[in-house]
Every structure is written in C-alpha cells, then in structure tokens.
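The values are calculated or read from the model by the stated rules, or taken from the named source; none is laboratory data. Bear in mind that the values here come from a model prediction, so they are computed numbers and not experimental data. Methodologically, a virtual Cβ is constructed for each residue, glycine included, from the backbone with ideal geometry; neighbour enumeration extends over all protein chains shown.
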Amino acid sequence: MKPIFNLLQFCLISLLVALMPPVYAAEDKSNYQFVISGVEKPLADNIILFLNNLTLSCDASDGMRDALKKQIPEQVQLALQPFGYYQAQAEQIDIKPANGCWQVEVIVAAGEPVIIRSVAYEIAGPGNNHPQIKDIKADNWIKVADVFNDSDYQQLKQQLRQWANTYGFLDADFRVQQVDVYPDQKAADIQLTFDTGSRYQLDDVVLEQQPAFMNPLFLR
C-alpha cells in the first residue's frame, strides 16, 4: 500500500488534546484576529501562524467571509501535521464582528496522532566507525511507539550534519531520507541513511611573506 503522505520537512512539538482546553488568540497586530480552541497552546500557535497567511478585510462581504471559511480547514491540517496529527479537523468556524472588524473563531479537533511504527537508520561510508558519530543514536530523537514529531526528526538530521562539518566529512549526505505516513493506520515509517563520504585532511600549511615586511617579533 502506498503511503498517503511522503514527508520530508516540517517542524515544532506534539502535545495531546486536553478535555477542556483554553482558548488562544493571535496578538492583535491587525484589525482582525483568529481565536483557536480545542487544542493546546503549541498547536494553536502554529495554527495561527498558518492562518495569518490568509487575509480578511474589515469590510469583507458575506461571500468573502465564506471564501475564507473554506480555506481554514486545509490550513489547520497543514499546521498540525508537523506535530504528528494528520486527521485534524476544523469542527466549527465562526466569523463575528469585533472591534470594528472581525474575529475568526475556530474550534479544532486534532484527532489521534501518528505513531512511529518502524525506523530504518543507517550510517554508511568510511566514517561510520568514528567514535563521535556512534553517539548519535536515532532513538535519542525518533523511537518506535513514540508520536511522530517532525522537529525531532529534523534535529537528528542536524546532529549528523554538524558532526560531518566538525570532523571534516565535507561530502557527507543523506542517501535516503524518507518518512512515509499512513494516517488511516496512524503509523509512520522512517528511513534515514547517512553516507559520511571520505574525510578531508589538511595538507601542510606554508606561509610566505616578503622579508621586508617580516617582523622578527612575530617569528619568536
């Protein structure tokens, strides 16, 4: 069965939906604002970030407001996918007059998160026995039976990049970097293969300078 989603990049953290969550609103930097309820603050904040890409003028007609409503569910889904929620729904959307403009109230149901079902993690190449890279273990960030969180997945990849830059494996790259998400099964399969490539060695350094400009004090 082919995965419905093939995820390469996203970001942030995952939290469970509370039974009676508080309401979160965007800072009033414009004349209208989005108010999110039904999910915890980190999720609500990311939803607001996505919704802020939508525009609504204070003199918007009924048709314009209806058009905005139709765009909100997709933005809610995209905003919660990095947290592992792939079946999120905007259960209720209300646009009400407020402070001479509009307040857009969205009640969100995050649904059940996607769980990591399998992790295929491999370090390949000449540097795979380097002492420091052995400390970069996948399950420090991504572990079977945990909620899939794209931020953790990206942190693991960043650790590998930093190791390569620090120890001179400048050709290192990801041979495979794939996350297959199956929302109906609430499962995610991760494949990550990092090829270290060869290590660069610094050759002899030779400094040359005209004698007239050489200061004996610098040669001591």
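Points worth noting:
- Boolean, residue 47 is within 22 Å of the chain's Cα centre (by Cα), touching a residue at least 40 places away in the same chain (Cβ under 8 Å) and crowded, with 20+ Cβ neighbours inside 10 Å: yes
- Within the range 178-190, considering residues that are assigned to a strand (DSSP E or B) and surrounded by 16 or more Cβ atoms within 10 Å (Cβ to Cβ), the one nearest to the chain's Cα centre (by Cα): 179
Condition check ((1) of a type in the set (Ser, Thr, Tyr); (2) at pLDDT 95 or above) across all residues:
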position	(1), (2)
86	yes, yes
112	no, yes
122	no, yes
134	no, no
149	no, yes
162	no, yes
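- Subset of the range 50-81 [over 28 Å from residue 147 (Cα atoms) and not in a helix (DSSP H, G or I)]: 54, 55, 56, 57, 58, 59, 60, 61
- Exclusive hit being buried (at least 20 other Cβ atoms within 10 Å of the Cβ) and touching a residue at least 60 places away in the same chain (Cβ under 8 Å), set 88, 98, 110: 110
- Residue in the range 52-63 that is buried (at least 17 other Cβ atoms within 10 Å of the Cβ) and among the acidic types (Asp, Glu) present: no
- Entry remark, the range 97-124: residues being assigned to a loop (DSSP other than H, G, I, E, B) and under 28 Å from the mean Cα position of the chain (by Cα) number 5 in total.
- Residue list for the range 50-64, filter: out of contact with any Leu (no Cβ under 7 Å at 6 or more places or on another chain) and touching a residue at least 24 places away in the same chain (Cβ under 8 Å): 51, 52, 58, 60
Residues are listed down the side, and each one gets a yes or a no for (1) at pLDDT below 95; (2) part of a loop (DSSP other than H, G, I, E, B); (3) of a type in the set (Asp, Glu):
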{"position": "91", "(1), (2), (3)": "no, no, yes"}
{"position": "95", "(1), (2), (3)": "no, no, no"}
{"position": "126", "(1), (2), (3)": "no, yes, no"}
{"position": "145", "(1), (2), (3)": "no, yes, no"}
{"position": "176", "(1), (2), (3)": "no, no, no"}
